[in-house]
1. By how many nm would the segment from residue 51 to residue 347 grow when fully extended, if each residue of separation counts as 0.36 nm and the alpha-carbon distance is taken off?
2. So with the 1.4 Å probe, I'd like the accessible area per residue for the stretch 224-363, rounded to whole Å².
3. Counting Lys and Arg as +1 and Asp and Glu as -1, what is the net charge of the other residues whose Cβ lies under 13 Å from the Cβ of residue 200?
4. Over the stretch 126-227, consider all pairs of different Cα atoms and compute the Kirkwood hydrodynamic radius from their mean reciprocal separation; express it in Å, one decimal.
5. Cut-off under 19 Å on the C-alpha distance; same-chain residues fewer than 8 positions from residue 270 excluded. Which aspartates and glutamates are left, in chain and number order?
6. How fast does the stretch 162-208 diffuse by Stokes-Einstein, in µm²/s, taking the Kirkwood radius from C-alpha pairs at 20 °C and 1.002 mPa s?
7. How big is D for the chain, in µm² s⁻¹ as a whole number, if Stokes-Einstein is applied with the Kirkwood radius of its Cα pairs at 10 °C and 1.306 mPa s?
8. Can you list the residues, at least 5 places off or on another chain, whose amide H is less than 5 Å from the amide H of residue 238, using H built in the peptide plane?
Amino acid sequence: MQKILLLSVSAGAGHVRAAEAIRAYANIGDAHLEVLHLDVMQYVTAGFRKIYTDFYIKLVNKAPALWGYLYNFSNDAQVDSSIEKLRQKLERMNARALLKEITAFNPDAIICTHFLPAEILSRQLKKEVLNCPVWVQVTDFDLHRMWVHEGMAGYFAANDEVAFRMQAQGIAAEKISVTGIPIMPSFTAVASREQCAAEFGLDGKRTTILLMGGGAGLGSLDAIAARLLAMEGDFQLIAMAGKNEAALAALQALSLRYSGRVLPQGFTDKVERLMVCADLVVTKPGGLTTSECLAMGLPMIVNAPIPGQEERNADFLLEQGVALKAFDAVTLEYRIRYLLDNPAKLAEMSIKARALGRPAAGQQVLDTVLAQRP
């Protein structure tokens, strides 16, 4: 029985979702494979967890410009600077419980979907107290310096540009695999649009816009939905509120005013079935969500990117011709009007998106790791 350990960090959902995607592929594959996924934040002190998760989320929501500064500052910081040494010391102090858990599981290989466990384990490899290969899956269309560490068995990149940046950081080309960002196996084989539309009570032949969040100048999700529904045109909306119960309630109230035109949707594990019903997605440019859109061939209007990694994601999508950008509600309405009035442009973006999609990235990651096992 081969053992694979997946290590993520619940600072934002993307790192966890990438690890879960790899685990899902393992569960449908090798019966002689045991896979364990651990959130590193469950093995650190409450204070450290608060800094890494709660503080991060508050910062990107309340002071995104400050987060952007810190992102760039830490990317440019010298590895041996006093600030870096202090940060690393805090990590070492909080790594003991995690290292104990790793020893107990005794994995044959480890895959990190966040830079924190990679950095912690790099030191363990250097001290020769860890003797299994450690792999790193980067979860954005960008590479921050903190992802790069000595002793890693290999790196998985979202695209060729990220791979090029890895080589520029000193990672050997033979250690880099361009796989894409892992998303769930369900995105590789989805039922037809007609079937999925019937499942959700949607009109499968009607133009459909999928809304996946508001904020940062666009307004609340229900306000965005109301603005779009007031536009002329025969289209329907799917509005995903996630775990935001207040937003879901507001959308449900809105659906009573626009009967048959808006589908309010709370947290769901059927995102791919909703996406197959859509012609266009309005979303923040997170690495996982946009990878899902690309896999489904969905054009995007990206909004409210977090300064740093999400801005780089947005730049990549815009450059590839698969997305437009909206910085406020007026621009969003204009972009949607433009695409609805230009179906050829929308179709062109869809073709380009599907060409970039890597729906089986998780399987490729797993295959690469297993091919290198003793």
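The values are calculated or read from the model by the stated rules, or taken from the named source; none is laboratory data. Since the model is a prediction, treat every value here as computed from it, not as a measurement. Positions of Cβ are backbone-derived with ideal geometry, glycine not excepted, and every protein chain shown enters the neighbour counts. Protein only, heavy atoms only, side chains kept; ligands, DNA and RNA dropped before computing areas. Shrake-Rupley method; radii C 1.70, N 1.55, O 1.52, S 1.80 Å.
1. Working: separation 296, 0.36 × 296 = 106.56 nm, distance 4.37 nm.
Extending this stretch completely gives an extra 102.2 nm.
2. On the way: 5810 Å² over 140 residues.
Accessible area per residue, the stretch 224-363: 41 Å².
3. Values: positive: 193, 206, 270, 273; negative: 194, 199, 203, 272.
Around residue 200, the surrounding residues sum to 0.
4. Values: mean 1/r = 0.0564 Å⁻¹.
Taking the inverse mean of 1/r over all distinct Cα pairs, the stretch 126-227 comes out at 17.7 Å.
5. Hits, sequence-local ones excluded: 20, 194, 199, 203, 245, 279, 292.
6. Details: Rh = 14.3 Å.
It diffuses with D of about 150 µm²/s by this estimate.
7. On the way: Rh = 21.7 Å.
Stokes-Einstein gives a translational diffusion coefficient of 73 µm²/s.
8. When sequence neighbours closer than 5 places are left aside, the close amide H contacts are 209, 210, 211, 263.
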